[in-house]
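Structure first, then comments.
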Amino acid sequence: MNVLHVASECSPFFKTGGLADVLGSLPKALLKQGINVSVILPKYGHLSDEWQNQLTLKKSFTVSVTWRNQYCGLEQFVYQGVTYYFIDNEYYFKRERLYGYLDEAERFTFFNHAVLSSLPFLDESPDLIHCHDWQSGLIPAYMKTGSVENPVPTVFTIHNLRYQGAFPLDVFRELLHFAPEHFAGLEMDGAINFLKGALVHSDRVTTVSPTYAQEIQTPAFGEGLHGLLHQERGKTKGILNGIDLEDFDPKTDPHVTYPYKHNQMEKRKNKQVIQRLFELPERKDIPLIAMVSRLVEEKGVPLLTQIAGELVTTENVQLAILGTGDPSLEDQLHHLASLHPHQISFKCVFAEPLARKLYAGADLFIMPSRFEPCGLSQMISLRYETVPIVRETGGLYDTIQSYNEEIGEGNGFSFTHYNAHDFLYTIKRALRFYRTEKEWENLLLNIYSSEVGWDVSAKQYTALYEEILGKRKVEA
């Protein structure tokens, strides 16, 4: 079975968030299931020389975006068994950032057209195309509307429904290759919506956790598409993301100063490294709470800013926060750190090596998200034997079971309602167990056995692909 994944970013080449992590690890897991996997991406201008020097040009051709004919170079190389293809066009992709430009509709329309034009030149013709997020959302629509000569089935994965690729109606006429009768399948609230086109036309839809698949069918989480998602619920399935267990391993991670596995003595040494880097008092006995996050409202940062002062004045704890985002939230965290310099430290940057050190050195990790399609940080936290405190939403609900001292089960702590009081109460509850050695040891044993890799989910994707292709074969 040949499966082509289409996405706008992929680790280790380009990354702004969890989408890149998934595309960097899921294909490798699918390989182990016997699937021949390839990935196709835009070739952004900041591709490092390390990767650039390994690319070979497979084909160059022109791609039509209505009346415009643009150059396209199809480049490729094989990495860890996966074939990666890159769509080269400097006009669209040689820019400072991956996203955030006024011509996003044209950039990613070109990308979708280029992917379709590349299909005859790939080493293996795909039996199925797996598209990720709105940037690849036109491909299922083209496959189902007679625009492609030899259409193949498509799977479309929603990584975050908030980002839909909604553009002015003129985009339909000026950029897209659809007949007028297909307008309704792309129009949403007076805009052309790339993600809606994928939901309507893909053979199957997946989300990145089972709970998120249910949540997005409600007005609270559906971002205006809950009605359509409820209508399409029969073809929608939630499959939980995983993490790359080889990449995220505190025993072999080069960024971890003192490698460890199931060894709290070595982990405490990493805590002292973090205390030194974040300019906090170097004390092994003080619980260190970490947050690594985009600093935006949906990640629950306002809950943290509301309770941080009370937390550190009533509890003997340290807070180490890493991330960038909303300037007003950054300012609030800077202010809190200035008021409590011996207990709160905030570094307004994102650096992967420092994040890895923080996962390794912290005792507890907080994710009070308002919504979270899946979340990878809580899985990384478990992998680095750091106890997560999360709100029960999306993938956080699916991966973290709140500790129950009566039966000794659970791999973290969680709260249901999105409010600061419940968040603070849950942190204090976790601290109570931290100071109870027997209970903490039992909780850590549960964390050691938590499954956060791709094995189960890769099998679910494989079964989904086989179901689609089997159905197509019967219909043919």
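Just a few scattered comments:
- Residue pairs whose Cβ atoms lie under 7 Å apart, separated by 6 or more positions or on different chains, with the first residue in region 104-127 and within 13 Å of H177 (Cβ to Cβ) and the second open to solvent by 20 Å² or more (accessible area, probe 1.4 Å) and modelled with pLDDT under 95, are F110/Q70; H113/S64; L116/V148.
- Matching residues, region 44-97, being open to solvent by less than 80 Å² (accessible area, probe 1.4 Å), closer than 15 Å to T109 by Cα and not acidic (D, E): V63, S64, V65, T66, R68, Q70, C72, I87, N89, Y92, F93
- The residues on offer are R383, R294, R268, and the sole one that is touching a Gly at 6+ places or on another chain (Cβ under 7 Å), among the charged types (D, E, K, R) and open to solvent by 10 Å² or more (accessible area, probe 1.4 Å) is R294.
- Where a residue in region 229-241 is of a type in the set (V, I, T) and its partner, wherever it lies, is open to solvent by 20 Å² or more (accessible area, probe 1.4 Å), with Cβ under 7 Å and at least six apart: I239/Q460
- When each of I274, I243 is tested for being open to solvent by less than 30 Å² (accessible area, probe 1.4 Å), closer than 17 Å to I380 by Cβ and in a helix (DSSP H, G or I), the lone residue that passes is I274.
- Scanning region 386-407 for residues that are crowded, with 24+ Cβ neighbours inside 10 Å and part of a helix (DSSP H, G or I) yields G394, G395, L396, T399.
- Of all residue pairs spaced 6 or more apart or on separate chains, those with beta-carbon atoms under 6 Å, a first member in region 22-51 that is within 15 Å of E124 (Cα to Cα) and a second member that is of a type in the set (G, A, S) are L31/G81.
- Per the conditions (1) over 23 Å from V155 (Cβ atoms); (2) touching a strand residue (DSSP E or B) at 6+ places or on another chain (Cβ under 6 Å); (3) touching a residue at least 24 places away in the same chain (Cβ under 8 Å), the sole criterion not satisfied by N69 is (3).
- Subset of region 132-174 that is closer than 15 Å to V200 by Cβ and part of a strand (DSSP E or B) - its residue that is nearest to the chain's Cα centre (by Cα): I158
- Any hit, region 293-307, residues being over 24 Å from the mean Cα position of the chain (by Cα) and either of a type outside the set (S, T, Y) or within 22 Å of R435 (Cα to Cα) (or both): yes
- Residue within region 231-243 that is over 20 Å from P388 (Cα atoms) and hydrophobic (A, V, I, L, M, F, W, C) present: yes
- Residue-level analysis places A290 outside the set of residues that are at pLDDT below 95, on the phi < 0 side of the Ramachandran plot, among the hydrophobic types (A, V, I, L, M, F, W, C) and under 20 Å from the mean Cα position of the chain (by Cα).
- Counting only residues that are part of a helix (DSSP H, G or I), over 21 Å from M367 (Cβ atoms) and open to solvent by less than 70 Å² (accessible area, probe 1.4 Å), region 419-459 holds 3 of them.
- Enumeration of residues in region 250-260 that are surrounded by 15 or more Cβ atoms within 10 Å (Cβ to Cβ) and either within 19 Å of Q214 (Cα to Cα) or among the charged types (D, E, K, R) (or both): D253
- Hey, E330 in contact (Cβ under 8 Å) with a residue 60 or more places away in the chain and either over 24 Å from P254 (Cα atoms) or surrounded by fewer than 24 Cβ atoms within 10 Å (Cβ to Cβ) (or both) or not: no
- Here S345 does not qualify as exposed (fewer than 15 other Cβ atoms within 10 Å of the Cβ) and of a type in the set (S, T, Y).
- Single match in T257, T252 (criterion: assigned to a loop (DSSP other than H, G, I, E, B), touching a Pro at 6+ places or on another chain (Cβ under 8 Å) and not aromatic (F, W, Y)): T252
- Note on region 129-182: among residues that are modelled with pLDDT of 95 or more and small (G, A, S), the one that is most open to solvent (accessible area, probe 1.4 Å) is A166.
- Among the candidates F86, F121, F61, residue that is within 24 Å of L19 (Cα to Cα) and in contact with a strand residue (DSSP E or B) (Cβ under 9 Å, 6 or more places away or on another chain): F86
- Members of region 361-388 that are farther than 25 Å from T218 by Cα and of a type in the set (A, V, I, L, M, F, W, C): A362, L364, F365, I366, M379, I380, L382, V387
- Looking only at residues of region 205-220 that are open to solvent by 40 Å² or more (accessible area, probe 1.4 Å) and either of a type in the set (V, I, T) or not in a loop (DSSP other than H, G, I, E, B) (or both), we find that the one that is nearest to H130 (Cα to Cα) is P210.
- In region 408-418, the residues that are modelled with pLDDT of 95 or more and either surrounded by fewer than 15 Cβ atoms within 10 Å (Cβ to Cβ) or of a type in the set (D, E) (or both): E409, T416, H417
The values are calculated or read from the model by the stated rules, or taken from the named source; none is laboratory data. Since we're looking at a predicted model, the values are computed, not measured. Reconstructed Cβ throughout: ideal geometry from the backbone, glycine too, with neighbour counts over all protein chains shown. Side chains included, ligands, DNA and RNA excluded: accessible areas come from the protein's heavy atoms. Shrake-Rupley method; radii C 1.70, N 1.55, O 1.52, S 1.80 Å.
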